[in-house]
Structures are given as structure tokens and as C-alpha cells.
Amino acid sequence: MTGSVLAIDQGTSGTKALVICPERGVIGSGTAPVRPRHLPGGRVEVDPVELYESVVDAGRRALAEAGEPVAALGLANQGETVLAWDPATGEPLTDALVWQDRRAESVCTELAPHAEELRHLTGLPLDPYFAAPKMAWIRRHLTRGGVVTTSDAWLVHRLTGAYVTDAATAGRTQLLDLERVEWSPSALELYGLSDERLPDVVDADARIGTTTVFEADIPLTGLLVDQQAALLAQRVTEPGTAKCTYGTGAFLLAQTGTAPRRGDSGLVSCVAWRLAGRTSYCLDGQVYTAASAVRWLTDLGVISGAADLDPVGGAVPDSGGVTFVPALAGLAAPWWRGDLRGSLTGLGLDTAPGHLVRALCEGIAAQVVALADAAAADLGAPLASLRVDGGLTRSALLMQTQADLLQLPVEVSALPDATALGVGAVARLGIDPELSVDDALPHRKPSAVYEPRIGPDEAAERLAVFRSAVATLLDREPV
């Protein structure tokens, strides 16, 4: 039996660290905030030093609470957040462009004639959400110096001196050959990045190096992008199973097994993980704004925070005719229209805060239904249920709305920090190659299961209203 591990989830709005014991579960935890800047023109950026310091701070807090040494470290990352940095000194040369950043739209417009070629090579549609357009934009507009990578490569270098990224994170760039799981010379050439020194692509459970920033020497043996780490923690390891994480955005992933599945329903085909040299793949769909849309309502003073969703939304029986398409950072899968802005329609003098809350919950849930429908179409069979995790799963209103519109059971994870638990399991695999994936994963039991309370006809009617509002947005000229 391996010893305890330190698992760190470096996220968009904060970093969470857990010390996980194989026998006793979580014995220490720590958090540290991260404050991205939302700027005009769809720009979202963050100070890279803040990312690194949050990792160190959260990790030290978790270790202090645990009060005992750990055998290994696992690190999960945001996926598509990028920066330029000096590999000689480790110093950042730019701010980090967060995955929500839209400034690389011009790069995508220029490469539009090659969109299908890139999708076939990498499994990803052409969109500034992914890393490569932002990397190219940095090279054109900010600096030609140093290296330009996803944030994980910089964090790992600061922690251990190694220059690596895991296969799943590399698969979020649109520079990775999906079949070969190697950097694609063709994709690099299209983006004007052929001369870049890119990090080595390693297995998620590779022994990467040793860090000393937590005082004792700790080997880094787990590295995985956040959504795939949550996928693993939820035990979505068999084809046809799916999970959705409700965080800053909402992310639905469906397992496809040892071969990539390229559908035509608008979902992304990508690497789920590569463990011990064996690659698993998944379908991936995104809702750009979930908790960030809740934060928007909070900033307007409609509610005081996510904890208000249920009491405020529960004060009214329905949305009162209000329809909210919360495309506050554009529409992601399956539409891929990041240029769009959201819409709020059906307002009246009788519209109350509860109607806005319910309309937001329906808007988030309806987008997830679109992702689930797309996954079912690409898989050739409907999903049997949806496993969910993330902070917004605490809202019974949102989860019931999700079950109602999806017309499927929604199983809420009892693991509140699925991403950290997933990368913790990977770190255990990295220090004990004899351990099976199943044995390394935390025990999975839902904390709640929401069954649909309405019939399929009412669900279809409510979804039709939302889809009509989306169609109105799609008919607008790109901005």
C-alpha cells in the first residue's frame, strides 16, 4: 500500500490541495484564491505568479493540517491557459491568458480554411478557447522570447525543473496528433509555431521530478488536466459513461475507450489520459459560463452568492416566462460561436429575482442537455445517467432542473473535490506501478440522485423555448 499523496488542483478561480491517505481518505486540505481579470474585448488574464503562489500556499496549508509526510505529489491544471516564460530563469514574460480569453479570434479567422484539417488532426474545432490560437497570438502581439506553453508546463518547471506536459493537457492545445499522441508538425506549421521548443509529452502517471518547495523532497508522479482528472475520479472509465463538472464553466465528458471517436455533433474528441503508455479517449463538451454566470448575477446584486440559488429560486414556482441564454463568454459546444453574447428575454414588471435565478438554472441545464444529446448521437446510444460534481452541484434547484430537462437520473458525487482526488489517484499510480487503476481510485457513491419530476413532453416544451432563444442569437451577424 502506497503512502499518502498531496493532490493539487490549480483552477481558474482558486487552487485546492488535499492530502489523501489510502486508508483514511482526506486528512488535510488547503485553498488559495486566484483572481483572473475580466477585461474589455473578451480578454481574461491572470498573473502567473499568483497561480504559482496559490499552488505553494494551498499545498503547504494541506500538509500542515495533515501533519505527516506524503509519498508523492499530483498536479491538475486548467488545460487551455497559456503564457510565455523564460526557461532559463522560470520567470514569466507575459500574463497568463485564461481559457475563457477570446482575443485570439483573429488567429482562428485567419486559419478558417484549415479548420477541417485541424479538426481531423487534433480532434478539436478551431476556436480561441483552445491553447494554440492563444499561443500564436502571444507570439504575434506580445513576445518572441522564451517558450510559450500551457500553464502546467510552467508550474511543473517551477516546482521540479522538468519541461513536460501530460498527454491529455497537450491534447487541449490543437497541436497534438490525436492518433499518435505526439506533437503534429502540420498543426505547428499552420499556427506558425514550428520553431517552438515544446515540452515533452509524458504519461499522466510519469515520474517527472522532485520538488522541494514544500520543505521535504516530494516526487511529482501525477499530472493531468482538470476535467479528465474529475472524469477518472468519477470512475467514468468505460465507453458510454459520462460526467459533468459544474465549476466556472460546465464540462461534460463521455468515455470512448482506446480509440478516438470523431462525431459530427459538435463535441471535441480528445485524450482522456495516458497511463502506463496506454491511451484512453473521450468526447468533451463545454458550457463557458456556469458559476461565472452565477457570479455575474451576484455582481448585479440579484443574489448575494451561489448559496442563494435555492432560497431565491425556490420563492417562485417557475421562471415566469423569462428565458436566459447565459452565453456571457459566448456559446461553446455544440454551436462553437464564441463571438455571441447572452440574452435575457421575457422580462416584465412582475419579474422577480427568483425568476432570473430559475431562468439561469434552466439556461445552464439546457446547454448541458445539448451536450448530452450530442454525446449520445456520437456514441450511437443514449446515456443511461449523468454523474456530476463541482461546486454548483450543491444547488438542489439546479440539479433538479438538470434531471428534469435531461429526463435522466443525475447522480451527484459525494466527492466534493473530484479533480484533486482524480490527480491524487494518478500520483499513487506513479509511485506504485503494480496498483490497478480501479484500486487507486476513491470509492464512488453518490451523495444524492435526482430523478426527473416532469414528463418528457413538458421537458421538450421547455427545451424548445430555450433552443428558440439560441436560434435567435445564432441568426445574428458575427460581431
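No lab work stands behind these numbers, since they all come straight from the coordinates. From a predicted model like this one, the values you see are computed outputs, not experimental measurements. As a convention, Cβ positions derive from the backbone with ideal geometry for all residues, glycine included, and neighbour counts pool all protein chains shown.
Model label points for T472 and D86, set 7 angstrom from Cα along the Cα-to-Cβ axis, are 5.3 nm apart. Charged side chains reduced to their Cβ positions (Lys and Arg at +1, Asp and Glu at -1) give the chain a dipole of some 300 debye around its Cα centre. Place a point 7 Å from Cα of R207 in the direction of its Cβ. Which residues in region 439-461 have their backbone N less than 20 Å from it? 440, by backbone N distance to the label point. Over the chain, dividing the summed -39,500 (n - 2.57) contributions of all DSSP H runs of at least 4 residues by the number of residues returns a 222 nm mean residue ellipticity of -10000 deg cm²/dmol.
Over the chain, Cα pairs under 8 Å with separation of 6+ residues give a relative contact order of 14 percent. The longest stretch of the chain left intact once loop-based trypsin sites (Lys or Arg not before Pro) with at most 13 other Cβ atoms within 10 Å are removed from consideration, loops following DSSP, is 198-452.
Using the Cβ-Cβ distance between T143 and S13 with R0 set to 22 Å, the FRET efficiency works out to roughly 0.25. Sorting Y52, Y129 by the number of Cβ atoms found within 10 Å of their own Cβ, with the fewest placed first, yields Y52, Y129.
Computed from Cα positions, the angle between helix 151-160 and the longest principal axis of the chain comes to roughly 30 degrees. Return one number: the angle in degrees, 0 to 90 and rounded to the nearest 10, between the long axis of the Cα atoms of helix 353-379 and the longest principal axis of the Cα atoms of the chain. Here the helix axis deviates by roughly 60 degrees.
Note on S343 and I454: the extension gain reaches 37.4 nm, defined as 0.36 nm multiplied by sequence separation minus the Cα-Cα distance. Taking the empirical scaling 2.2 N^0.38 Å for compact globular proteins as reference, region 5-233 has a Cα radius of gyration ratio of 1.00. Going by neighbour counts of Cβ atoms within 10 Å, the residues L224, L328, L397 line up, fewest first, as L328, L397, L224.
Computed from label points 7 Å out along Cα-Cβ, the spacing between L300 and A64 is 4.0 nm. The H on the amide N of W183, modeled in the peptide plane, is under 5 Å from the matching H of D177, each at least 5 residues off or on a different chain. Using the Cβ atoms and a cut-off under 11 Å, what net charge is assigned to the surroundings of W137, where Lys and Arg are +1 and Asp and Glu are -1? Residues near W137 contribute +3 overall.
Taking Cα atoms only, the orientation of helix 48-66 departs from the longest principal axis of the chain by about 80 degrees. Using the Cα coordinates of the chain, the gyration tensor eigenvalues translate into equivalent-ellipsoid semi-axes of 33, 26, 22 Å, sorted from longest to shortest. Note on K445: lysines with a C-alpha under 20 Å away, same-chain residues under 8 apart excluded, are K243. Restricting to DSSP loop positions (anything but H, G, I, E, B) with no more than 12 other Cβ atoms inside 10 Å of their own Cβ, which GluC sites (Glu not before Pro) remain in region 334-443? Passing sites in region 334-443 are E434. Ranked by how many other Cβ atoms sit within 10 Å of their own Cβ, fewest first, the residues M399, M135 fall in the order M399, M135.
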